[in-house]
Amino acid sequence: MTLLTTFATLLSRYSRQEDLLIGTPIANRLHSPLEDLIGCFANTLALRLDMSGRPDFRSLLARVRERCLEAYAHQDLPFEKLVEELVPERASDHTPLLQVMFALQHMPQEALQLSGLTVERPGDDRDWYGKNGFCCSPSSRHQRALCASFEYSTDLFEAATIARMASSLPDSPGGHRGQPGAATPGDTSAK
């Protein structure tokens, strides 16, 4: 939730928006009989985040945590059903409801080594992000390092803009220079 809060702060700062809608994939294996099954049970959660009022990072983190816990409680509702019920305005250049995703990767993405075989990573939904909007995918590729990749529509963003956004992320999640009570990025009213 700290990483999501940091990402949302960055988006709010660059977009100058206080009301954000960010999608995040979830494994959706809440029921023990599903844990051992092979197959995709993923769902997308739509998180509406209130960034108003220039809160410090700790307060904003509490807001994001509350919203995430509310969404987790309803993660069995398929995203497609949510779209069907809300009937958003459709456009051919982007998906309904979500144009921004935050996809935390918990699994290390190391190459699989098998003797005598060439192993390639199967295609996934990552290409969707680049065609339809913007995605931040933090992952722990190394034991002690957190990396983030950004995938984006080149119709919407230039590489220099994404590089500038990425360089704006704080050195440590949770606030600038590791100060949890610090003002959020872009906020000049630090306490």
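The values are calculated or read from the model by the stated rules, or taken from the named source; none is laboratory data. The shown structure was predicted, so the numbers you read here are calculated from the model rather than taken from an experiment. Cβ: placed from backbone, ideal geometry, glycine included. Neighbour counts: every protein chain shown.
Tabulated data for the structure shown
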| read-out | value |
| --- | --- |
| Residue match in region 151-162 (condition: at pLDDT below 55, more than 14 Å from Thr24 (Cα to Cα) and outside any loop (DSSP other than H, G, I, E, B)) | no |
| Every residue from region 55-72 that is farther than 17 Å from Asp19 by Cβ and either part of a helix (DSSP H, G or I) or in contact with a Phe, Trp or Tyr (Cβ under 9 Å, 6 or more places away or on another chain) (or both) | Phe57, Arg58, Leu61, Ala62, Arg65, Leu69, Tyr72 |
| Any pair with Cβ under 7 angstrom, 6 or more apart, that starts in region 96-115 at a residue that is surrounded by 10 or more Cβ atoms within 10 Å (Cβ to Cβ) and among the aromatic types (Phe, Trp, Tyr) and ends at one that is modelled with pLDDT of 65 or more and outside any strand (DSSP E or B) | Phe102/Leu4; Phe102/Phe7 |
| Gln17 being part of a loop (DSSP other than H, G, I, E, B), in contact (Cβ under 8 Å) with a residue 12 or more places away in the chain, over 30 Å from Ser168 (Cα atoms) and in contact with a Leu (Cβ under 9 Å, 6 or more places away or on another chain) | no |
| Residue ID - surrounded by the most Cβ atoms within 10 Å (Cβ to Cβ), chosen from residues in region 28-58 that are charged (D, E, K, R) and at pLDDT 80 or above | Asp56 |
| Of the criteria (1) in contact (Cβ under 8 Å) with a residue 24 or more places away in the chain; (2) buried (at least 17 other Cβ atoms within 10 Å of the Cβ); (3) not basic (Lys, Arg), which one Val83 fails | (1) |
| Options Ala91, Ala62, Ala73, Ala46; residue that is aliphatic (A, V, I, L, M) and in contact with a strand residue (DSSP E or B) (Cβ under 6 Å, 6 or more places away or on another chain) | Ala46 |
| Test for Leu61: is it modelled with pLDDT of 90 or more, closer than 14 Å to Pro78 by Cα, within 15 Å of the chain's Cα centre (by Cα) and not β-branched (Val, Ile, Thr) | no |
